[in-house]
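The values are calculated or read from the model by the stated rules, or taken from the named source; none is laboratory data. Not measured: the values here are computed from a predicted model. Positions of Cβ are backbone-derived with ideal geometry, glycine not excepted, and every protein chain shown enters the neighbour counts. Surface accessibility is based on the protein's heavy atoms, side chains included, excluding ligands, DNA and RNA. Shrake-Rupley method; radii C 1.70, N 1.55, O 1.52, S 1.80 Å.
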Amino acid sequence: MAVKEFKAESKKLLNLMVNSIYTNKEIFLRELISNASDAIDKSYYRSLVDENVNFNKDDFFIRITPDKDKRTFTITDTGIGMTEEELENNLGTIAESGSLAFKNKDDIKDKDKVDLIGQFGVGFYSAFMVSDKVAVKSRSVNSDKAYKWESKGAEGYTVEPCEKETVGTEIILKIKENTKDENYDQFLDQYKIKSLVKKYSDFIKYPIKMMVKKSRPKKDNDKEKEEYFEDETLNSMVPIWRKNKNELKPEDYNQFYIDKHFGYDKPLWVIHSSVEGVVSYTTLLFIPSKTPFDFYTKEFQKGLELYSNGVLIMEKCSDLLPDYFSFVQGLVDSADLSLNISRELLQHDRQLKFIARRIRDKIKSELLQMLKKDREKYVEFYKNFGRQLKYGVYADFGANKEILQDLLMFYSSKEKKLVTLDEYVSRMKEDQKYIYYAIGDDVEKIEKLPQTELVKDKNFEILYFTDDVDEFAIKMLVKYKDKEFKSVSSKDLGFDSDDKESKKETEENKELFDFMKNVLKGKVKEVKASNRLKTHPVCLSNEGEISIEMEKIFNKMPNNQNIKADKILEINTGHPMFKAIKKAFAEDKDRLKVYSNLLYDQALLIEGLPVEDPVQFANDVCSLIK
Ligand code: ADP
Ligand code: MG
């Protein structure tokens, strides 16, 4: 039995097209402009293989003419045009792409270099999203006759001879009347048209022109205004990222950055690179010089603009950037993306994933470059976005810590400025086991922390953690270059000789400390002689995974689960107050109770934790004023 070919059910398909493929009606303009650009490209490619066809660049342009009164939107091009047959085939059959066929023609050399936009044969029909009737007048380079294709949509189309002086195509859309939900008038408005061309088609190679209505003071009477028309080219044609880097000045990038609304001022750092390979692409990326006001909120949307051959496909492609580099602005342009039919999405994300990985690596290496070559700039960057990097270390169970660890910086007790982990480790003393850190609200407060005394005394460097996320990130990191991190508040600081001594002291005063521990039941796990205190009387240290700082952060969270750190009250047995304590233990146990509570409350205050019972605290202090 003979197999019959399916015929595309044009009516249904057209409806589908008009109503479901595209999410945005405005992209009809992108599609028609892309077709016009393809048509001009074809003339150019013809000229390469046919001596009889000349290509004089100045003769090629696209023109848009809106007419509010007639409700028509006309777009003309001086491209290759269509014969009667081509009108039938290309516009009469949905999903027939003359452009794809053109590329595959035998006499077209270097097929890879032919980068026409069209391939699916559906874009043209997007015109019906905004119009009741579409007329296409066209004259092919290969013919001296012109034909007009006309259709009101689903009913079908007609083709008949018409008048047209020049080679090329003229498409006239009869724009729909406004409805309750849809404003079609906007597509006849010159400002809207200008902005749509900018948005989607700014980098089409050929000029897109429009007579723009303007007004100026009258010559003889400057109080009155007169309207006049001026021909404007709406697109900038050559995308800055396709230009040669050597030809571009910093000002060019800055201007582009502002034009694109990537930021309000100059970018801090520009990354402009082209990659040739399995997937070829160009990127132009910017690191902003200021934190966007909504950066650390849910409203902030990360993403890069994605272009396919200079035509905008996606405004914010979030898959191109990892969260920890979400501050990066810019774009990617690639001719190698396989787009889906609406050209709003990609068919495979394989290429995208590939590009995203390469972009991630590039951003990292650029940041390391900045750190090396222009530290001041890097510090500025880090002040704006360092927190995002630290979140990145912590997020996804530390999956990205290797990538990010060399980008981290913390304030150093010795250098009095931000230093990297690498710098810290390279300066570590031979007898130093750990990378020490101390936590507090700000540098000044940390400077005064009793817990830092011993480590400073040993002349070891301490990193100051002032961001909530710092300790969480570091806990995820565990080690850097085989060196473990250690909080100056942790029970064991790794100083064996000092440990021995404080152990001995704790032993000697066992009964006293046990008594105190009993008074502070449920509040501290242990009371002991301190090895880390030099001048301060008391401090808290902690045991286990949850630090006192983490307890504070957990308790600030809305779903406070009352997570507590295991606290140890450390007593400076060399401090004069210890004599009073011993005396009270021997003579007046009630007095020692008051002392115990007061010392604990003091230690809490030093930690920046609230005193549990302020009234009791006040009474205790009063009881001493005798
Ligand atoms: P695609 O652009 O994906 O091929 P379209 O539906 O946009 O699909 O267009 C279908 C075909 O109609 C094109 O491939 C091209 O051959 C032809 N065509 C559309 N617009 C023009 C034009 N302005 N000039 C010449 N040919 C055109
Ligand atoms: Mg098209």
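Only one residue in 198, 223, 219 is modelled with pLDDT of 90 or more and either outside any loop (DSSP other than H, G, I, E, B) or not hydrophobic (A, V, I, L, M, F, W, C) (or both). Which one?
Numbers: 223 fails: modelled with pLDDT of 90 or more; 219 fails: modelled with pLDDT of 90 or more.
None of the others qualify; the one that does is 198.
Does segment 459-481 hold any residues that are open to solvent by 30 Å² or more (accessible area, probe 1.4 Å) and touching a helix residue (DSSP H, G or I) at 6+ places or on another chain (Cβ under 9 Å), and which are they?
Narrowing segment 459-481 to residues open to solvent by 30 Å² or more (accessible area, probe 1.4 Å): 459, 466-468, 475-476, 478-479, 481.
Within segment 459-481, 466, 467, 468, 475, 476, 478, 481 qualify.
What single numbered condition from (1) away from ligand 1 (no atom under 16 Å from the Cβ); (2) open to solvent by less than 70 Å² (accessible area, probe 1.4 Å); (3) of a type in the set (Lys, Arg) fails to hold for residue 152?
Condition (2) is where residue 152 drops out.
Out of curiosity, is residue 410 at pLDDT below 95 and of a type outside the set (S, T, N, Q)? Explain how you work it out, then say what you get.
Details: at pLDDT below 95: no; of a type outside the set (S, T, N, Q): yes.
No, not satisfied.
What's the total number of residues in segment 577-604 that are within 24 Å of residue 535 (Cβ to Cβ) and exposed (fewer than 12 other Cβ atoms within 10 Å of the Cβ)? Spell out how you get there, then give the answer.
Going through segment 577-604, the residues within 24 Å of residue 535 (Cβ to Cβ) turn out to be 577-585, 592, 594-604.
Still in the running and exposed (fewer than 12 other Cβ atoms within 10 Å of the Cβ): 579.
Matching residues across segment 577-604 total 1.
Is it the case that some residue within segment 538-554 is open to solvent by 80 Å² or more (accessible area, probe 1.4 Å) and touching a Leu at 6+ places or on another chain (Cβ under 8 Å)?
Let us first name the residues in segment 538-554 that are open to solvent by 80 Å² or more (accessible area, probe 1.4 Å), namely 545.
Going one step further and asking which of them are touching a Leu at 6+ places or on another chain (Cβ under 8 Å), we end up with none.
Scanning segment 538-554, I find no residue that is open to solvent by 80 Å² or more (accessible area, probe 1.4 Å) and touching a Leu at 6+ places or on another chain (Cβ under 8 Å), so the answer is no.
With respect to residue 235, is the statement that it is within 28 Å of the chain's Cα centre (by Cα) and not in a loop (DSSP other than H, G, I, E, B) true?
So residue 235 fails the test.
Say we look at segment 484-533 and pick out the residues that are open to solvent by less than 70 Å² (accessible area, probe 1.4 Å) and of a type in the set (Lys, Arg); which of these is modelled with the lowest pLDDT?
Per the criteria, the residue is 491.
Among the residues of segment 18-58, which ones are open to solvent by 40 Å² or more (accessible area, probe 1.4 Å) and near ligand 1 (Cβ under 10 Å from one of its atoms)?
Selection gives 35 alone.
Can you tell me which residue in segment 161-173 is nearest to ligand 1 (Cβ to nearest atom), limited to those that are modelled with pLDDT of 95 or more and either open to solvent by 90 Å² or more (accessible area, probe 1.4 Å) or out of contact with any helix residue (DSSP H, G or I) (no Cβ under 9 Å at 6 or more places or on another chain) (or both)?
170
Which condition number does residue 120 fail, the rest of (1) away from ligand 2 (no atom under 16 Å from the Cβ); (2) in contact (Cβ under 8 Å) with a residue 40 or more places away in the chain being met?
Of (1) away from ligand 2 (no atom under 16 Å from the Cβ); (2) in contact (Cβ under 8 Å) with a residue 40 or more places away in the chain, only one is false for residue 120: (1).
State whether the residues of segment 187-203 include one that is surrounded by fewer than 18 Cβ atoms within 10 Å (Cβ to Cβ) and more than 27 Å from residue 343 (Cα to Cα).
First, the residues of segment 187-203 that are surrounded by fewer than 18 Cβ atoms within 10 Å (Cβ to Cβ): 189-192, 194-195, 198-199.
Checking the rest, the ones that are also more than 27 Å from residue 343 (Cα to Cα) come to none.
No, segment 187-203 has no match at all.
Cβ-Cβ below 7 Å, separation at least six or inter-chain, first residue in segment 70-93 and outside the structural domain of residue 122 (by TED's automatic domain parsing) and touching a residue at least 24 places away in the same chain (Cβ under 8 Å), second outside any loop (DSSP other than H, G, I, E, B) and surrounded by 18 or more Cβ atoms within 10 Å (Cβ to Cβ): which pairs?
Nothing qualifies.
For segment 65-96, enumerate the residues that are among the β-branched types (Val, Ile, Thr) and crowded, with 16+ Cβ neighbours inside 10 Å.
Applying the first criterion (among the β-branched types (Val, Ile, Thr)) to segment 65-96 yields 65, 72, 74-76, 78, 80, 83, 93-94.
Once the filter is applied, which keeps residues that are among the β-branched types (Val, Ile, Thr) and crowded, with 16+ Cβ neighbours inside 10 Å, segment 65-96 yields 72, 74, 75, 76, 78, 80, 83, 94.
Check 551, 545 and return the single one that is part of a helix (DSSP H, G or I), closer than 23 Å to residue 438 by Cα and within 39 Å of the chain's Cα centre (by Cα). So that I can check it myself, show each step before the final result.
Numbers: 545 fails: part of a helix (DSSP H, G or I).
None of the others qualify; the one that does is 551.
Select from segment 135-157 the residues that are within 25 Å of residue 188 (Cβ to Cβ) and not in a loop (DSSP other than H, G, I, E, B) and list them in ascending order.
Of the residues in segment 135-157, the ones within 25 Å of residue 188 (Cβ to Cβ) are 135-138, 148-155, 157.
Those that are within 25 Å of residue 188 (Cβ to Cβ) and not in a loop (DSSP other than H, G, I, E, B): 135, 136, 137, 138, 148, 149, 150, 151, 157.
Restricted to segment 119-134, and to residues that are in a strand (DSSP E or B) and open to solvent by less than 10 Å² (accessible area, probe 1.4 Å), which residue is nearest to ligand 1 (Cβ to nearest atom)? Steps first, answer last, please.
The first filter runs over segment 119-134 and keeps only residues in a strand (DSSP E or B), leaving 131-134.
Okay, now just the ones that are also open to solvent by less than 10 Å² (accessible area, probe 1.4 Å), so 131, 134.
On the way: 131: 15, 134: 11 Å.
The residue in question is 134.
From the residues in segment 580-613 that are in contact with a Lys or Arg (Cβ under 7 Å, 6 or more places away or on another chain) and aliphatic (A, V, I, L, M), which one is nearest to residue 570 (Cα to Cα)?
Checked segment 580-613; the qualifying residue nearest to residue 570 (Cα to Cα) is 609.
Inside segment 380-485, counting only strands (runs of 3 or more DSSP E) that do not spill past its ends, which hold 3 or more residues that are among the hydroxyl-bearing types (Ser, Thr, Tyr)? Steps first, please.
Values: elements: 409-412, 418-420, 434-439, 462-465.
The strands (runs of 3 or more DSSP E) meeting that bar are 434-439.
Got at least one residue in segment 6-16 being within 16 Å of ligand 2 (Cβ to nearest atom) and at pLDDT below 85?
Yes, the conditions are met somewhere in segment 6-16.
Just the residues that are at pLDDT 90 or above and outside any helix (DSSP H, G or I), please, taken from segment 79-106.
Residues satisfying the conditions are 79, 80, 81, 82, 83.
Suppose the filter is out of contact with any Gly (no Cβ under 9 Å at 6 or more places or on another chain), at pLDDT below 95 and more than 15 Å from ligand 2 (Cβ to nearest atom); does residue 132 pass it?
Values: out of contact with any Gly (no Cβ under 9 Å at 6 or more places or on another chain): no; at pLDDT below 95: yes; more than 15 Å from ligand 2 (Cβ to nearest atom): yes.
Against the criterion (out of contact with any Gly (no Cβ under 9 Å at 6 or more places or on another chain), at pLDDT below 95 and more than 15 Å from ligand 2 (Cβ to nearest atom)), residue 132 does not qualify.
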